């Protein structure tokens, strides 16, 4: 199970998510970093655990203010450089193509930014393109046929429950189970409301492939030791052969 820390970026700084109310997001105050600068916060998260992948939400681009690729590669100075899943309100072929030209950057196509299914129809077979199915409460955000037609989905699908982002109510297990049921073996990624390792264990047992986390890392309820132990458990349950580092299964 892949654990992916989230960097929500607004006005060039990392911000604290508040139940999906983006107007209420303010620069983050975290014990992991002295400032809200992107590099400082990323380094602080790396001090918790050697994460191999980061999720970057460019909130200005999602809101339609600014270039769709300006945050691409923003973490390339980290050593080793992580894979970077970039959510920047992609809505055109040209925007996606520009990101695909940059090694190590994975464009996240958010349903909230789509007018139709054309982008997904073109890129659903591309292994680097990731779909985010966006929900607010029970309501799907985006063209309904994207949710209804799983043939449009690429191999990786995020279930993003915006109203739980930055909250303490836990993941939307019901919605995750419903999407998993119709996903046809695709990798499902949970986003929103993850509080602690018990949530991650339940998600793992549901077959969820990865989880996007932020608040629980910053407030200390999800520690590096807990992540490492979850990796060891998952490693044992999967019966991974000798010679493979358990931590590689959950980073």
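The values are calculated or read from the model by the stated rules, or taken from the named source; none is laboratory data. These numbers were taken from a predicted model, which means no experiment stands behind them. Ideal geometry is used to build each Cβ from the backbone, glycine not excepted, and the neighbour counts take in all protein chains shown.
Restricting attention to region 54-65, the residues that are touching a strand residue (DSSP E or B) at 6+ places or on another chain (Cβ under 6 Å) and not in a helix (DSSP H, G or I) total 5. Contact map, region 220-242: residues that are within 14 Å of residue 198 (Cα to Cα) paired with residues that are exposed (fewer than 14 other Cβ atoms within 10 Å of the Cβ) and at pLDDT 90 or above, Cβ distance under 6 Å, separation 6+ or inter-chain. No pairs are found.
Go through the residues of region 112-120 one by one and say whether even a single one is assigned to a loop (DSSP other than H, G, I, E, B), over 17 Å from residue 85 (Cβ atoms) and in contact with a helix residue (DSSP H, G or I) (Cβ under 7 Å, 6 or more places away or on another chain). Within region 112-120, one or more residues are assigned to a loop (DSSP other than H, G, I, E, B), over 17 Å from residue 85 (Cβ atoms) and in contact with a helix residue (DSSP H, G or I) (Cβ under 7 Å, 6 or more places away or on another chain).
Could you say whether any residue in region 203-210 is surrounded by 20 or more Cβ atoms within 10 Å (Cβ to Cβ) and either under 29 Å from residue 118 (Cβ atoms) or at pLDDT below 95 (or both)? Taking every residue of region 203-210 in turn, at least one turns out to be surrounded by 20 or more Cβ atoms within 10 Å (Cβ to Cβ) and either under 29 Å from residue 118 (Cβ atoms) or at pLDDT below 95 (or both).
Residue 72 satisfies every condition listed in (1) under 26 Å from residue 142 (Cα atoms); (2) over 16 Å from the mean Cα position of the chain (by Cα); (3) surrounded by 20 or more Cβ atoms within 10 Å (Cβ to Cβ) except (2). Within region 144-164, residues that are on the phi > 0 side of the Ramachandran plot and touching a residue at least 24 places away in the same chain (Cβ under 8 Å) reach no partner that is in a loop (DSSP other than H, G, I, E, B) and crowded, with 20+ Cβ neighbours inside 10 Å with beta carbons closer than 7 Å at six or more positions or on different chains.
Looking only at region 55-68, which residues are over 21 Å from residue 26 (Cβ atoms) and surrounded by 22 or more Cβ atoms within 10 Å (Cβ to Cβ)?
So the first thing to find is which residues in region 55-68 are over 21 Å from residue 26 (Cβ atoms), and the list is 67-68.
Listed by number, the list holds a single entry, 68.
Quick check on residue 18: is it under 18 Å from the mean Cα position of the chain (by Cα), under 25 Å from residue 96 (Cβ atoms) and modelled with pLDDT under 90? So that I can check it myself, show each step before the final result.
On the way: under 18 Å from the mean Cα position of the chain (by Cα): yes; under 25 Å from residue 96 (Cβ atoms): no; modelled with pLDDT under 90: yes.
In short, no.
Take the residues in region 29-53 that are within 18 Å of the chain's Cα centre (by Cα) and assigned to a loop (DSSP other than H, G, I, E, B), then tell me which one is farthest from residue 197 (Cα to Cα). So, considering only residues that are within 18 Å of the chain's Cα centre (by Cα) and assigned to a loop (DSSP other than H, G, I, E, B), the one farthest from residue 197 (Cα to Cα) is 52. Cβ-Cβ distances below 6 Å connect the following pairs, each with a first residue in region 41-70 that is without any contact (Cβ under 8 Å) to a residue 12 or more places away in the chain, a second residue that is not in a loop (DSSP other than H, G, I, E, B), and a separation of six or more residues or different chains: 66/60.
Residue count for region 136-159 satisfying the condition of being modelled with pLDDT of 95 or more, part of a strand (DSSP E or B) and touching a helix residue (DSSP H, G or I) at 6+ places or on another chain (Cβ under 9 Å): 4.
Sub-9 Å Cβ pairs linking a first residue in region 196-212 that is free of Cβ contacts under 8 Å to residues at least 40 places away in the same chain to a second residue that is in a loop (DSSP other than H, G, I, E, B) and crowded, with 21+ Cβ neighbours inside 10 Å, at least 6 apart or interchain, are 196/222; 197/222; 199/171; 199/193; 199/222; 202/171; 202/208, ordered by first then second residue. Is it the case that residue 118 is surrounded by fewer than 21 Cβ atoms within 10 Å (Cβ to Cβ) and more than 25 Å from residue 135 (Cβ to Cβ)? No.
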